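Undergrad: Here it is, the structure in full.
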There are 2 protein chains.
Amino acid sequence: MSKYWSELAKRLEPYVPGEQPKDKKYIKLNTNENPYPPSPKVLEAIRKASNDDLRLYPDPDCDLLREAASDYYGLKKEQIFAGNGSDELLAFAFAAFFDNGNPVFFPDITYTFYEVYCNFFNITPKLIPLDENFNVPVDEFLKPNGGIVLANPNAPTGKYLDLSAIRKILEHNTERAVIIDEAYIDFGGESAISLINMYPNLMIMHTLSKSRSLAGLRVGFALGSEEMIEGIKRVKNSFNSYTVDRIAMAAASEAMKDREYFDKTRNMVIQTREKTTEKLIKMGFNVLPSKANFIFVSHPVYQGAQLYRELRNKGILVRYFNKPRIDNFLRITIGTDEDMNALINALDNIIN
Amino acid sequence: MSKYWSELAKRLEPYVPGEQPKDKKYIKLNTNENPYPPSPKVLEAIRKASNDDLRLYPDPDCDLLREAASDYYGLKKEQIFAGNGSDELLAFAFAAFFDNGNPVFFPDITYTFYEVYCNFFNITPKLIPLDENFNVPVDEFLKPNGGIVLANPNAPTGKYLDLSAIRKILEHNTERAVIIDEAYIDFGGESAISLINMYPNLMIMHTLSKSRSLAGLRVGFALGSEEMIEGIKRVKNSFNSYTVDRIAMAAASEAMKDREYFDKTRNMVIQTREKTTEKLIKMGFNVLPSKANFIFVSHPVYQGAQLYRELRNKGILVRYFNKPRIDNFLRITIGTDEDMNALINALDNIIN
């Protein structure tokens, strides 16, 4: 603590992202990155955008990128907002839609950044416990609240809530914002985007970091009614006029256009997830059914913390959360078939 | 206003950046962009960074970029923080160092985003009037305050406060943060970076948008003592883990290394500024002495608003602020010699 810090800075409890060690080369299955590179067309677009125009500010409205997204999503341009990764968009949304003293509901086990945003913007959170199988207790989200945030599929569990449940929640919550964080939706779930024209308080977050292999580029979308988008825009324009740079804009536009590459690579991730799940279950692991690019795994005998450490020693990084209810689990990102075979062999080695 | 917006979103008064019209090609002298392209080495670095590693998150600590900056500035890496443009860094700094009820001092005529940040983070601003020649009244900044923000050179006046005045302010303000926004310092002023090791509450903001011709890339630095940097870091990690992408990091590192190109282009801007100032004064304009890459100009007969409109009709964009005390001025970015000759001819045409 420094005497120069604000009261806010003193009370903050920052988010801690997954480790990015530089000591040696690991098989990195700890931050839900895509094992496949971005589309070659995206890389080409970046090279082309590396030109003298970089001296000029980017379009603060991201028009060309929003047009590409509009084509892909079948939404109007005015229903789309682009930002510097979905984390930034979530931060803007918490500021734009939630208030102090009016509790915002989200599960006790979910993306831990939600609590950090509440703390940052002085918003009251209410953590709704997942049931004993880590399912979202839908009925609890029908009670009076100051807003709702749901990751679907949820992280770190990978569990998916089907569209009828999302719809039920929206039917019962018409007065405050409902945010569905669909960072992992492209790996097998059905997006709630089809509901946007029916529910003006629905906001959906997408990212190019996972299913489009662009974690290193920092682009995400907020999708919703024009009045929700307008709220986000007010916050962004009170914070930073230009959050998406020219290069990121050109690259992300191309990523939204290249559907063939997108479908090919996300299907490869899905297939590897299913194969890996099957093998781990045969080895005696408990694997939650996942619709994400990761799986959440425990073992009846070996402790999560121990497995994490031993895997790390063998050069394989996975994510371990030392938190109540999930401290026996590992979150394992789906890599290539080769990565996952190395993981299976390492685990086999540890438990046998 | 939407019923889904938070109380915060409702009260915000967002910043409005300079217009970026798409209707036709203008000579753009309205947003303080550099007329020269980025260093060819920067463009090459971007092409090289357009590779498969984009599937991976960037280094959240921006180590390589901070090393390049450390070499350039002669500061320790721990005294440097990199962000998505200096606007983002200013937003983080307002959150990290200023509180409600403890008035933060800045001039009445300065970068208008400072007031927007105060509104966003519920910080109390106190606007200190510039004197009748648009000079910063240094003595007013020696009175008790909750923090100080000074743009040096100031915008939109271009006026520069010399280091002895900055030092005087720091000598009298040891309890709260003093932020010096040096976005335009490379065009002839002397940076306060030499004071960082003497004043632990000093924070200096730099950007690559102006003197390094990279407005389209979004990179800036916050420079200060380790405890000031730590405060900024806490805020950033409560907001967005990865604000600087891989491409921007590679490009910005190269920009900090290529000093020869940097010196050549900034000197060209300075020379053009001096020539333009001389010509405008001969034509009867009032031109404030500027150490920035823009000049602040008025005419004894022709109104600022009229000059702005007539220049726009002639295909030349400058910035006009319809605000008390400065509503007769134009802020004109320094372009190439050719751009400025076109401006001079157009003005000559209008007033003669």
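Undergrad: Does at least one position in region B:180-199 carry a residue that is within 9 Å of chain A (Cβ to nearest Cβ), in contact with a helix residue (DSSP H, G or I) (Cβ under 8 Å, 6 or more places away or on another chain) and either part of a loop (DSSP other than H, G, I, E, B) or among the hydrophobic types (A, V, I, L, M, F, W, C) (or both)?
TA: The answer is no, given that none of the residues of region B:180-199 is within 9 Å of chain A (Cβ to nearest Cβ), in contact with a helix residue (DSSP H, G or I) (Cβ under 8 Å, 6 or more places away or on another chain) and either part of a loop (DSSP other than H, G, I, E, B) or among the hydrophobic types (A, V, I, L, M, F, W, C) (or both).
Undergrad: Just a yes or no: is a residue in region B:36-47 surrounded by 14 or more Cβ atoms within 10 Å (Cβ to Cβ) and within 22 Å of B:Leu343 (Cα to Cα)?
TA: Within region B:36-47, one or more residues are surrounded by 14 or more Cβ atoms within 10 Å (Cβ to Cβ) and within 22 Å of B:Leu343 (Cα to Cα).
Undergrad: Just to verify a result, which residue in region B:102-122, among those that are of a type in the set (Ser, Thr, Tyr) and closer than 11 Å to B:Ala91 by Cα, is nearest to the other protein chains (Cβ to nearest Cβ)?
TA: That would be B:Tyr117.
Undergrad: Restricting to region B:126-146, name every residue that is within 14 Å of chain A (Cβ to nearest Cβ) and in contact with a helix residue (DSSP H, G or I) (Cβ under 8 Å, 6 or more places away or on another chain).
TA: Within region B:126-146, no residue meets the criteria.
Undergrad: From the list A:Asn349, A:Asn322, exactly one residue is in contact (Cβ under 8 Å) with a residue 12 or more places away in the chain and more than 21 Å from the chain's Cα centre (by Cα). Which is it?
TA: A:Asn349
Undergrad: Identify the residue in region A:123-135 that is within 17 Å of A:Ala91 (Cα to Cα) and β-branched (Val, Ile, Thr) and, among all such residues, is surrounded by the fewest Cβ atoms within 10 Å (Cβ to Cβ).
TA: The residue in question is A:Thr124.
Undergrad: If you check every pair at least six apart or on different chains, which have Cβ atoms under 7 Å apart with a residue in region B:30-52 that is more than 8 Å from every other protein chain (Cβ to nearest Cβ) first and a residue that is outside any helix (DSSP H, G or I) and at pLDDT below 95 second?
TA: Sorted first by the residue in region B:30-52, then by its partner, the pairs are B:Asn30/B:Gly18; B:Asn30/B:Glu19.
Undergrad: Further, regarding this structure: Residues to consider are B:Glu115, B:Glu140, B:Glu88; find the one that is in a helix (DSSP H, G or I), over 23 Å from B:Leu223 (Cα atoms) and touching a strand residue (DSSP E or B) at 6+ places or on another chain (Cβ under 8 Å).
TA: Of B:Glu115, B:Glu140, B:Glu88, the one residue that is in a helix (DSSP H, G or I), over 23 Å from B:Leu223 (Cα atoms) and touching a strand residue (DSSP E or B) at 6+ places or on another chain (Cβ under 8 Å) is B:Glu140.
Undergrad: So how many residues does region B:84-101 have that are more than 9 Å from chain A (Cβ to nearest Cβ) and small (Gly, Ala, Ser)?
TA: 3
Undergrad: Those residues that are under 16 Å from A:Asp339 (Cα atoms) and surrounded by fewer than 16 Cβ atoms within 10 Å (Cβ to Cβ), I need them from region A:296-313; list them, please.
TA: A:Asn313
Undergrad: In this structure, does A:Asp71 turn out to be touching a Pro at 6+ places or on another chain (Cβ under 6 Å), surrounded by fewer than 17 Cβ atoms within 10 Å (Cβ to Cβ), away from chain B (no Cβ under 14 Å) and not aromatic (Phe, Trp, Tyr)?
TA: Judged against the criteria, A:Asp71 is not a match.
Undergrad: Here are A:Arg312, A:Arg319: which of them is assigned to a helix (DSSP H, G or I), under 20 Å from A:Val16 (Cα atoms), modelled with pLDDT of 95 or more and of a type outside the set (A, V, I, L, M, F, W, C)? Let's see the steps before the verdict.
TA: On the way: A:Arg319 fails: assigned to a helix (DSSP H, G or I).
Unique residue meeting the criteria: A:Arg312.
Undergrad: Follow-up. What are the residues in region B:74-90 that are surrounded by 24 or more Cβ atoms within 10 Å (Cβ to Cβ) and either hydroxyl-bearing (Ser, Thr, Tyr) or without any contact (Cβ under 8 Å) to a residue 60 or more places away in the chain (or both), if any?
TA: Residue satisfying the conditions is B:Ser86 alone.
Undergrad: Quick check: is even one residue across region A:271-293 surrounded by fewer than 20 Cβ atoms within 10 Å (Cβ to Cβ), out of contact with any strand residue (DSSP E or B) (no Cβ under 9 Å at 6 or more places or on another chain), within 25 Å of A:Gln20 (Cα to Cα) and among the β-branched types (Val, Ile, Thr)?
TA: For region A:271-293, residues surrounded by fewer than 20 Cβ atoms within 10 Å (Cβ to Cβ), out of contact with any strand residue (DSSP E or B) (no Cβ under 9 Å at 6 or more places or on another chain), within 25 Å of A:Gln20 (Cα to Cα) and among the β-branched types (Val, Ile, Thr): absent.
The values are calculated or read from the model by the stated rules, or taken from the named source; none is laboratory data. In this text, all values refer to a predicted model and were calculated from it rather than measured experimentally. Every residue, glycine as well, gets a Cβ built from its backbone with ideal geometry; the counts of neighbours run over all protein chains shown.
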